[in-house]
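Note sheet for the following structure.
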Amino acid sequence: MATFKKIDGIIGTQFFLDSTGADALKFVATNDGGGNPVLAVQDPAGSLIQIQASNVSLGTVQYLAFDIVFGDLGGTVDSTTTLPQNAVVQDLRVIVSTLFDGTSPTLEVGTQDTAALFGGTGDFNLAQSNTYTIPQWTEQPNATPRAIRATLAGGAGATQGAAKIVVGYVLVPNN
């Protein structure tokens, strides 16, 4: 089993897999030549390969949020921000700020591939102003980023309703 060990100071900090042999890799905190700190992998030959994660830190909780309203009943609403590949959803919150009237409005939260991947119709009551928090540890199972999709049904005759969907996720490295 590999473990990380820290050596040195801040810039110039090195982390290496506690392994031996010619294939050992080092993770090095260095700079990009312009004084900006970056993380790089140093291969056994000493070459540095800069790691880029599109301004997202592995292990840092990220959030995406979007709104749904009563006019969305009977359809779907997709988040404008996508859930990246390798994302693990940590929690799902549905904050009903204005109750949905009409006949039995329901909500599922998932992706285009699986409507109720993160929360199903039994998890939320859109007819009550409330915050619903569903703890997760659900992987985004697709090879490409996916929007979070809210699927709303029922609610015939609705004249009001508003909620915010908030998804907390972390990125995990590929194995």
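Some observations on this one:
- Rounded to the nearest Hz, the phi-derived 3J(HN,Hα) couplings of segment 108-116 under the Karplus curve 6.51 cos²θ - 1.76 cosθ + 1.60 (θ = phi - 60°) are 10, 10, x, 10, 4, 8, 9, 4, 10, where x marks glycine and proline.
- Its Cα centre serving as origin, segment 62-171 has a Cβ charge dipole (Lys and Arg +1, Asp and Glu -1) of approximately 100 debye.
- Extension gain, residue 131-residue 116: 0.36 nm per intervening residue step, less the Cα-Cα distance, totals 3.6 nm.
- Sequence-distant residues sharing a close amide H with residue 102 (under 5 Å, placed H): 159
Each reported figure results from applying straightforward, stated rules to the coordinates on display, with no laboratory input. None of the values given here were measured: they were computed from a predicted structure. Neighbour counts are summed over all protein chains in view; Cβ atoms, including those assigned to glycine, are modelled from backbone coordinates with ideal geometry.
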